[in-house]
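Notes to accompany the following structure.
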Amino acid sequence: MHTIIKDLNWRYATKKFDPLKKISPADFDTIKESLRLVPSSYGLQPLKFIIVTSTGLREKLHSSAYNQSQIVDASHLIIICSYRNINDTHVDEYIANVGATRNITPDTTKGYADFMKRTVNEMGEDQKLQWNKNQAYIALGQLMQTCATLKIDATPMEGFNTEAYDTLLDLHNQNLTASLVVPMGYRHIEDQTQHQKKVRKPLDDLFTTL
């Protein structure tokens, strides 16, 4: 069995974290770099990753996530946030980054920049928000695989009060909204979920060859 499959069979949605076990700085740097390398539409990366270290803030977030213990017990907590709106400025910043990274002049990418701006400006606000939120799920998939490879438990969560999180994290003033919450750390020995068999559909139900 390939290592990737072993890692994916090992991971599960951890229900109870061991609050005494902490992710090493080196492993967390790997997680952050993995998120920096996440693919996104046009490469615009309309996301922000908020690392919550404040115990007091995590307690407040805990109460706005149906008191799920993972929020306060996990070693690390990342909030994957999506930009509410993107515009020409975001495209210009991306194009400037392309030029600086690849050492090319702006005229080389002008056509692509104009195309992106037309695409973005043709969207309504709700479309932009949904598009940006979709990028958060791409990031989540890569985060889950990275954590599984590092043998770090991670639990993706949608079960939280988005408005409360946006207020607690002052996201409205940053043109952001909380899309996903991901506690990360190490499973508690008492978490019985880790011993349950993984339930998935068989391959024949999932794949069709045309």
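The values are calculated or read from the model by the stated rules, or taken from the named source; none is laboratory data. Treat the numbers as computed from the prediction; the structure is a model and nothing was measured. As a convention, Cβ positions derive from the backbone with ideal geometry for all residues, glycine included, and neighbour counts pool all protein chains shown.
Summary table
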| item | result |
| --- | --- |
| Matching residues, the range 5-22, being in contact (Cβ under 8 Å) with a residue 12 or more places away in the chain and under 13 Å from Ala148 (Cα atoms) | Asp7, Leu8, Asn9, Trp10, Arg11, Tyr12, Ala13, Thr14 |
| Some residue of the range 46-54 being closer than 28 Å to Gln174 by Cβ, hydroxyl-bearing (Ser, Thr, Tyr) and out of contact with any helix residue (DSSP H, G or I) (no Cβ under 8 Å at 6 or more places or on another chain) | yes |
| Hey, Gln130 closer than 29 Å to Asn173 by Cβ and touching a residue at least 60 places away in the same chain (Cβ under 8 Å) or not | no |
| Close pairs (8 angstrom Cβ cut-off, 6 or more residues apart or separate chains): under 18 Å from Leu44 (Cα atoms) in the range 99-110, among the hydroxyl-bearing types (Ser, Thr, Tyr) anywhere | Gly99/Thr105; Gly99/Thr108; Gly99/Thr109 |
| Subset tally (residues that are of a type in the set (A, V, I, L, M, F, W, C) and assigned to a helix (DSSP H, G or I)) for the range 153-174 | 2 |
| Some residue of the range 143-152 being touching a residue at least 60 places away in the same chain (Cβ under 8 Å), in a helix (DSSP H, G or I) and more than 16 Å from the chain's Cα centre (by Cα) | yes |
| Residue in the range 56-70 that is closer than 20 Å to Gly141 by Cα and under 19 Å from the mean Cα position of the chain (by Cα) present | yes |
| Candidates Lys128, Lys151, Lys133 - the one that is surrounded by fewer than 18 Cβ atoms within 10 Å (Cβ to Cβ) and at pLDDT 95 or above | Lys151 |
| Which numbered condition Met184 misses (of (1) in contact with a strand residue (DSSP E or B) (Cβ under 6 Å, 6 or more places away or on another chain); (2) assigned to a helix (DSSP H, G or I)) | (2) |
| Test for Lys6: is it part of a helix (DSSP H, G or I), at negative phi and surrounded by 13 or more Cβ atoms within 10 Å (Cβ to Cβ) | no |
| Residues satisfying the stated conditions in the range 156-182, i.e. surrounded by 15 or more Cβ atoms within 10 Å (Cβ to Cβ) and among the β-branched types (Val, Ile, Thr) | Thr177, Val181, Val182 |
| Residues of the range 30-59 satisfying the condition of being surrounded by 14 or more Cβ atoms within 10 Å (Cβ to Cβ) and small (Gly, Ala, Ser) | Ser34, Ser40, Ser41 |
| Count - residues of the range 30-48 that are under 12 Å from the mean Cα position of the chain (by Cα), touching a residue at least 40 places away in the same chain (Cβ under 8 Å) and not in a loop (DSSP other than H, G, I, E, B) | 5 |
| Count of the range 179-194 residues which are β-branched (Val, Ile, Thr) and under 15 Å from Gln142 (Cα atoms) | 2 |
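Conditions (1) part of a helix (DSSP H, G or I); (2) loosely packed, with under 12 Cβ neighbours inside 10 Å; (3) out of contact with any Phe, Trp or Tyr (no Cβ under 7 Å at 6 or more places or on another chain), marked per residue:
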residue: Phe28; (1), (2), (3): yes, no, yes
residue: Leu61; (1), (2), (3): yes, no, no
residue: Leu77; (1), (2), (3): no, no, yes
residue: Thr108; (1), (2), (3): yes, no, yes
